[in-house]
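Worksheet for the structure shown next.
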Amino acid sequence: MTEATLGVGIGADQLDTTDMVLNIGPQHPSTHGVLRLRLVLDGEMILSAEPIVGYMHRGAEKLFEVRDYRQILVLANRHDWLSAFSNELGVVLAVERMLGMEVPERAVWARTLLAELNRVLNHMMFLGSYPLELGAITPIFHAFRDREEIQTVMEEISGGRMHFMFNRVGGLKEDLPAGWLGRARHAVAEVRSRVPVLRDLVHGNEIFRARTEGVGVLSPEMVRAYGVSGPIARASGVDFDLRRDEPYLAYAELADVLKVVTRTEGDCLARFSCLLDQADNSLDLADACLDRLEALPAGPINLRLPKVLKAPEGHTYAWTENPLGLNGYYLVSRGEKTPWRMKLRSASYNNVQVLSEMLPGCLVADMVAVLGSMFFVVGDIDK
């Protein structure tokens, strides 16, 4: 054999190597749903990444067109199954705006309370599952114990554990059960007392910090270019939160309690920190809503509506600050009982697209850390 055959004496610059294409997914456990990533690798370095979506597409927007405004709520709360109550809100706010409807004050404050409890439920899921993806098993047990406190009061009021179906055009399905405010306050206090345990367990862990600090940095410019929103955008220093910047429900009256959590680092650790601090603030907002509801006099919690509800001809766009980012509904009506068109702008769809910019330059070992820190739900991507 010659030296050339054995490769002896050949410089590294003369070796002809081929990049490897690696498919991550589409399987459920690794990606919070059926997402596929097509990676091109040079050794262990990611050269390019392409998120391939659509495996869970159910045609929700087309189904909206053949459902009346009450039935749409059933579909709307399912695309992000961790934020069901918040998903319903956008629909009812859009229809109420078209009708020029003013909902009762009790309904406004109850909606705000339930939206913040739903935010805590969402964040606790990710605060437990993200460390699990990096090899830490214990935090998810703490997170699920805390979730169960909130889950119990949400189930009591609505009858559902995931798909609450408690919003109605004109208010809420029914009034709050007797004694429920006290039980909700107890649940909030229990969760708040245990948040420091989760913080110390995960945030103070040197292995967790080594896996996340300086990894998967997302710049503010890229956030704006891709329309990234929610805690992921705020972790990169983009200080935008609809609850403060374009208040809806009762958030204008909660300005002194609401704190928009931001970071400047833009890495995986910053995104986790934003989520943790935001869950803390949501508990404060829930307490403020409970105080107000206890002070309000007895009154209606919904409006009496006609049997067949028709939105007047026109169009409107209603958006809300969902737990994972901006969630918007563009409603076009031709005066019938069903919408002519209802376009859904989901948070996760925009947020996951930026992976094609974030992953190149990362190692394969860091890919799961970056992917998990984007806090997405695949149903929210595929709609």
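The values are calculated or read from the model by the stated rules, or taken from the named source; none is laboratory data. Since the structure is predicted, the reported quantities are computational estimates derived from the model, not experimental observations. For neighbour counting, all protein chains shown are included, and Cβ atoms are generated from backbone atoms with ideal geometry for every residue, glycine included. With ligands, DNA and RNA removed, areas are computed over all heavy atoms of the protein, side chains included. Shrake-Rupley method; radii C 1.70, N 1.55, O 1.52, S 1.80 Å.
Work from the charge dipole of the chain (Cβ charges, +1 for Lys and Arg, -1 for Asp and Glu, about the Cα centre) and give the residue of Val217, Ala252, Leu331 farthest towards its positive end. The listed residue farthest towards the positive side: Leu331. Of the residues Cys274, Val238, Leu290, the one whose Cα sits farthest toward the positive end of the charge dipole of the chain, with +1 on the Cβ of Lys and Arg and -1 on the Cβ of Asp and Glu, is Leu290.
What is region 253-370 by shape, rounded, prolate or oblate, if you read a ≥ b ≥ c off the alpha carbon gyration tensor as root eigenvalues and call it rounded for a/c under 1.5, prolate for a/b larger than b/c, and oblate otherwise? Judged from the Cα gyration tensor, region 253-370 comes out oblate (a/c at least 1.5, b/c at or above a/b).
Comparing Gly179, Gly159, Gly171 in a Gaussian network model of the chain where C-alpha atoms under 10 Å apart are linked, the largest mean-square fluctuation is found at Gly179. Using a 1.4 Å probe and ignoring any ligands, DNA or RNA, find the accessible area of Asp277 and quote it in Å² to the nearest 10. Counting only protein heavy atoms, Asp277 exposes about 40 Å² to solvent. Rounded, prolate or oblate: which fits the chain, taking a ≥ b ≥ c as square roots of the Cα gyration tensor eigenvalues, rounded meaning a/c under 1.5, else prolate when a/b beats b/c? Prolate. A Cβ-based charge dipole, computed about the Cα centre of region 105-220 with Lys and Arg at +1 and Asp and Glu at -1, lands at about 140 debye. Take the residue pairs Lys259/Lys343; Lys307/Lys343; Lys259/Lys383; Lys62/Lys310; Lys173/Lys307; Lys62/Lys337 and return only those whose Cα atoms are more than 23 Å apart. In this structure, Lys259/Lys343; Lys307/Lys343; Lys259/Lys383 exceed 23 Å between Cα atoms. In the chain, helices alone account for a calculated mean residue ellipticity at 222 nm of -14000 deg cm²/dmol, with every DSSP H run of four or more residues adding -39,500 (n - 2.57). With every protein chain in place and a 1.4 angstrom probe, the accessible-area ranking of Ile24, Ile46, largest first, reads Ile24, Ile46.
Distance from the C-alpha centroid of region 306-341 to that of region 120-146: 34 Å, rounded to the whole angstrom. The GluC sites (Glu not before Pro) found in region 93-160 that occupy coil by DSSP, while having at most 11 further C-beta atoms within 10 Å, are Glu102. Counting only protein heavy atoms and using a 1.4 Å probe, the accessible area of Thr338 comes to about 30 Å².
Accessible area ranking (1.4 Å probe, heavy atoms, ligands and nucleic acids excluded), largest first, for Glu88, Glu221, Glu174: Glu221, Glu174, Glu88. The accessible surface of the chain, taken with every protein chain in place and a 1.4 Å probe, is 54 percent carbon and sulfur. Does region 135-265 come out rounded, prolate or oblate, given a ≥ b ≥ c as the square roots of the eigenvalues of its C-alpha gyration tensor, rounded meaning a/c under 1.5 and, failing that, prolate meaning a/b above b/c? Oblate, because a/c is 1.5 or more while a/b does not exceed b/c.
The charge dipole of region 53-94, taken about the Cα centre with unit charges on the Cβ atoms of Lys, Arg (+1) and Asp, Glu (-1), comes to about 120 debye, rounded to the nearest 20. Put a plus charge on the Cβ of each Lys and Arg, a minus charge on the Cβ of each Asp and Glu, and nothing anywhere else: the dipole of the chain about its Cα centre is then about 1700 debye. Farthest toward the positive end of the dipole of region 150-210, out of Val169, Asn205, Ser158, is the Cα of Asn205, where the dipole comes from beta carbon charges about the Cα centre.
Separation of region 165-224 from region 348-383 is 20 Å, based on Cα centroids. Structural descriptor for the chain: relative contact order 26 percent, calculated from alpha carbon pairs under 8 angstrom and at least 6 residues apart.
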